[in-house]
Amino acid sequence: MERQQMIQGLAALLGDSSNHPLPDFAGVKAARWRHLPLGGRLEGVARVDLPEMDELLGIEDSKAALDLNTRQFVAGFPANDALLWGGRGTGKSSLVKALLRRYADQG
């Protein structure tokens with residue numbers, strides 16, 4: 001229940017003023033923020049295309065750094081925020097999706 005309260009708090013900080021229920025993360029692996037005229041809400045994503053980490057080529061340094069950081073986070077150790085930047089098509093979203101594929105079942 002603590003996790004659910006944390007997600008509700010984060011959604012409220014983002015401007016979630018709706019009575020829409022939060023996604024059930026037992027049934028979905030990902031969520032997205034849906035912008036609405038007076039704020040927005042967090043919605044579950046039923047189907048996500050999740051690439052394998054090995055399919056991402058040419059971004060080995062970023063993969064290694066984010067993989068280590070994510071492993072620490074999932075294990076309950078301190079982890080850092082991450083900012084991915086670069087031009088369109090450089091693998092930012094794909095890297096996040098590959099990490100989701102690798103670690104979603106671990107929380």
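Throughout, read-outs are computed from the coordinates displayed, never taken from laboratory work. All of these numbers come straight from a predicted model, not from anything done at the bench. Using ideal geometry, Cβ is built from the backbone for each residue, glycine included, and neighbour counts are taken over all protein chains shown.
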Rounded to the nearest 10 degrees, what's the angle between the helix 2-14 long axis and the longest principal axis of the chain, both from Cα atoms, 0 to 90? 80
Of (1) 10.4; (2) 6.5; (3) 7.9, which is the value of mean projected area of the Cα convex hull in nm² derived from the coordinates here? (3)
Taking 0.36 nm per residue of separation and subtracting the Cα-Cα distance, what length does fully extending residue 77 through residue 64 add? 3.0 nm
Tilt of helix 60-74 relative to the longest C-alpha principal axis of the chain, in degrees (0 to 90, nearest 10)? 40
Computed helical MRE - 222 nm, the chain, DSSP H runs ≥ 4 contributing -39500 (n - 2.57), nearest 500: -12000 deg cm²/dmol
How far is it, in nm, from the label point at residue 38 to the one at residue 7 when both lie 7 Å from their Cα along the line to the Cβ? 2.5
For the chain, build the charge dipole from Cβ charges (+1 Lys, Arg; -1 Asp, Glu) around the Cα centre, then report which of 31, 84, 107 sits farthest towards its positive end. 31
Check cross-link reach from residue 63 to the lysines: straight Cα distance under 19 Å, and skip same-chain residues fewer than eight apart. 92, 97
For residue 30, what residues show an amide H to amide H distance below 5 Å, using hydrogens built from the backbone and excluding near sequence neighbours? 45
Consider a paramagnetic label point 7 Å from the Cα of residue 96 along Cα→Cβ; state which residues of region 31-48 have an amide N under 11 Å from it. 31-33
Rounded to the nearest 20 debye, what is the charge dipole size of the chain about its Cα centre when +1 sits on each Lys and Arg Cβ and -1 on each Asp and Glu Cβ? 280
Where labels lie 7 Å past Cα in the beta-carbon direction, separation of residue 53 and residue 88 in nm: 2.9
